[in-house]
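Reviewing the structure listed below.
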Amino acid sequence: SSDLYCNFLNHGKTERECCDEIVNRIEKEGYIELQNLISHNKKLNKGDKVYSVCMNKSIIMFQIGEKPLTEGLNILGAHIDSPRLDVKQNPLYEDGGISYLDTHYYGGVKKYQWVTLPLAIHGVIVKKDGTTVEVNIGEDEDDPVFFISDLLIHLASEQLEKKASKFIDGEALDIVVGTIPFLNSEKGKEDKEDKEDKEDVKRNILRIFKEMYDIEEEDFISAELEVVPAGKARDAGFDRSLILSYGHDDRVCAFSSLGAMLEAKKCLRTTCCILVDKEEIGSVGATGMQSRFFANTVAEVMNLTGDYSELNLRRCLANSFMLSSDVSAAYDPSYATSFDKKNAAFLGQGMVFNKYTGARGKSGSNDANAEYMAYIRNVLEENQIIYQTAELGKVDAGGGGTIAYILALYGMNVIDCGIAVLNMHAPWEAISKADLYETKRGYLAFLEKAGM
Ligand code: MN
Ligand code: MN
């Protein structure tokens, strides 16, 4: 339901938090960690549920089906990272009596959207001794929030002449963290000497960090702190048909894929749900879709069913079906000229299929096979799923990509599908509750019926 979804959004504002939420939920549903089975020399049998987590940021789960793995998996794959501002490795400084944390934006953001908003900081600081300090500040009613300033309109005549991509400089996206100077008994003496290099406000912030988190300034070197919009997912509209939240891309597909995975019963084919990190920056790194983590995990699962061989693994992957579950752009009447209305996704009109994505002539796209699209249409229609087909926007307007092309490398059938989002990648994005409901049903039909 949409309450459960809002709860998932509120407790999962980073890929790490999402991973933790997902593990807590699936362990209650009987999922066992793969490494646990391996170290206890256990086997996997029909109906068993298993999962594996990579570096606390991406997760893959399987429910073993009736048919042998070599006949292929039914895979749902979504991503759990979202655009945001990451705190730099050497972030803390003071200027003009204000202390700041310097950031580096992550993923595609319109920088001007991130100023003068209440912001929260989520993440981890790992100390040299290996202890991890979890940071989550700016969400509770009593928490302080953070923000990025913008130039007052009164003095903005020059700024307003700039084009939007230069309007706010990336290096200006620094968050205000304090203004009170450090005070101690030595202060009077020191003050007279070198007032310029004092950085008293910064020193005071470091004192607070020491008190709150027991960390030193150099501990930022091994931290991953993500600055996100502060606040909860909310119903939007008098009719409450929409949900306004940070991070629908792509937690709305992650949540509905996970829901379908947990609901799917008695599947002939083994079902698989991949919830992965780093999609917003090209699916790179150990926790991104391009990592060997996926193929390695399938190999381990196959090994525990007693069927592993290199050839069997390749057959399994090639025979798999996948829905690459990612959000699509919702048609926006205020910006109608950016869309081809015949090939646009509309809020409230169901699950969206993108046969291809890409930019400038489908570049970088996984263009799904017509035969596969036909097959999926049939599954959807037999299960009365409401769906629509779309492109992101007008051919020359821009474009985007997903994880689809990476899974397609194994020679499996993959198609992009998901949920329409209004003002995608903005700090606050909107989706339709009806689409969330319908897409979950679509994913469930795919897991239970595809490949039979
Ligand atoms: Mn996405
Ligand atoms: Mn995105």
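The values are calculated or read from the model by the stated rules, or taken from the named source; none is laboratory data. Predicted, not measured: the structure shown is a model, and the values here were computed from it. Cβ coordinates were reconstructed from backbone atoms using ideal geometry, including for glycine residues, and neighbour counts include every protein chain displayed. Please note that ligands, DNA and RNA were not included when accessible areas were found on the heavy atoms of the full protein model with its side chains. Shrake-Rupley method; radii C 1.70, N 1.55, O 1.52, S 1.80 Å.
Of the solvent-accessible surface of the range 62-120, computed with a 1.4 Å probe over protein heavy atoms with every protein chain present, carbon and sulfur atoms account for 49 percent. Computing FRET efficiency as 1/(1 + (r/R0)^6) for K210 and A295, where r is the C-beta to C-beta distance and R0 is 25 Å, gives about 0.05.
Work out the charge dipole of the chain with +1 on the Cβ of Lys and Arg and -1 on the Cβ of Asp and Glu about the Cα centre, then indicate which of Y443, I243, T337 is farthest towards its positive end. The one lying farthest along the dipole's positive direction is Y443. Given a 1.4 Å probe and the protein chains as shown, Y410 ends up with an accessible area of around 80 Å². If you plug the beta carbon distance of S338 and K166 into 1/(1 + (r/R0)^6) with R0 = 25 Å, you get a FRET efficiency near 0.75.
Computed from point charges on the beta carbon alone (+1 for Lys and Arg, -1 for Asp and Glu), the dipole magnitude for the range 23-161 about its Cα centre is near 1020 Debye. Projecting the Cα positions of I403, I168, G107 onto the charge dipole of the chain (unit charges on Cβ atoms of Lys, Arg, Asp and Glu, taken about the Cα centre) puts I403 furthest along the positive direction.
Think of a 1.4 Å ball rolled over the protein heavy atoms: the chain then has 47 Å² of accessible area per residue.
Can you tell me how the range 329-452 classifies by the Cα gyration tensor, rounded, prolate or oblate, using a/c under 1.5 as the rounded cut? Oblate. For the range 50-78 versus the range 221-295, the inter-centroid distance based on Cα atoms is 15 Å. Computed from the C-beta positions of L409 and Q35, the FRET efficiency with R₀ = 25 Å rounds to 0.45. In this view, the solvent-accessible surface of S39, computed with a 1.4 Å probe and all protein chains in place, comes to about 80 Å².
Once both labels are positioned 7 Å from their Cα atoms along Cα-to-Cβ, the gap between T179 and R25 label points is 4.1 nm. Taking all protein chains as they are arranged and a probe of 1.4 Å, the heavy atoms of M373 leave approximately 20 Å² accessible to solvent. Using a simple spin-label model with pseudo-atoms 7 Å out from Cα toward Cβ, K43 and N303 lie 1.7 nm apart.
Just the protein heavy atoms count here, and of the accessible area of the range 161-308 at 1.4 Å, carbon and sulfur take up 52 percent.
Among the listed pairs K28/K433; K111/K341; K67/K266; K49/K433, those whose Cα-Cα separation exceeds 20 Å are K28/K433; K111/K341; K49/K433. Dipole check for the chain: with +1 at the C-beta of Lys and Arg, -1 at the C-beta of Asp and Glu, and the Cα centre as origin, the magnitude is about 2000 Debye.
Note on the range 88-141: with charges restricted to the Cβ of Lys and Arg (+1) and Asp and Glu (-1), its dipole about the Cα centre is near 340 debye.
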